[in-house]
Amino acid sequence: MGKVAVVYWSGTGNTEKMANHVAAGAKAEGVDADVIQASDFNAGKVANYSAIAFGCPSMGDEVLEEEEFEPMFTDVEGSLESVPVGLFGSYGWGDGEWMRQWEDRCRSKGIKLVSEGVMANESPDVAAETDCKNLGGLLARS
């Protein structure tokens, strides 16, 4: 079995909570999972994992966080063509446009998404927690 990376950026703690639930879902499948802040991940670490989840909340005008997460994701996206990927994040306004744009960006780069992105409005509720655990399970079985 491989190992899952759960890479995230969180300003309020909501996306961090989601990251921990994704990792719990992978671990429930018997797969090791590392929860890693975006500032501690780069393209050189992609090969250490059999699947990767990326988590980032919607920021500003429904974009990815621009100081740490966006530069990291730009660095790694060219290395993800052979790695199953899952996306997740929280938002406080809008309708999830940032997630749809992020999914489209990944698909245009040839990145294989294991499911639709998991979103939580503000702090993850029980349904979002379950969706995160399911995402972790999908990545573990990929």
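The values are calculated or read from the model by the stated rules, or taken from the named source; none is laboratory data. None of the values given here were measured: they were computed from a predicted structure. Heads up, the Cβs are rebuilt from the backbone with ideal geometry, glycines too, and the neighbour counts pull from every protein chain shown.
Taking the criterion of being within 18 Å of Phe69 (Cβ to Cβ) and either of a type in the set (Ser, Thr, Tyr) or without any contact (Cβ under 8 Å) to a residue 60 or more places away in the chain (or both), the residues of the stretch 21-42 that qualify are Asp34, Val35, Ile36, Gln37, Ala38, Ser39, Asp40, Phe41, Asn42. Hey, among the residues in the stretch 47-82 that are part of a strand (DSSP E or B) and in contact (Cβ under 8 Å) with a residue 60 or more places away in the chain, which one's farthest from the chain's Cα centre (by Cα)? Result: Ala51. Looking at Glu77, Glu62, just one residue is closer than 24 Å to Ala127 by Cα and buried (at least 16 other Cβ atoms within 10 Å of the Cβ), and that residue is Glu62. The set of residues in the stretch 83-99 being exposed (fewer than 14 other Cβ atoms within 10 Å of the Cβ) and touching a residue at least 12 places away in the same chain (Cβ under 8 Å) consists of Gly92, Trp93, Gly94, Glu97. Output yes when any residue across the stretch 92-101 is in contact with a helix residue (DSSP H, G or I) (Cβ under 9 Å, 6 or more places away or on another chain), under 19 Å from Ser10 (Cβ atoms), at pLDDT below 95 and not in a helix (DSSP H, G or I), and no when none is. Within the stretch 92-101, one or more residues are in contact with a helix residue (DSSP H, G or I) (Cβ under 9 Å, 6 or more places away or on another chain), under 19 Å from Ser10 (Cβ atoms), at pLDDT below 95 and not in a helix (DSSP H, G or I). Residue-level check: of (1) modelled with pLDDT under 95; (2) crowded, with 22+ Cβ neighbours inside 10 Å, Ile52 misses just (1). Does Glu122 meet the test of being in contact with a strand residue (DSSP E or B) (Cβ under 7 Å, 6 or more places away or on another chain) and loosely packed, with under 14 Cβ neighbours inside 10 Å? The answer is yes for Glu122.
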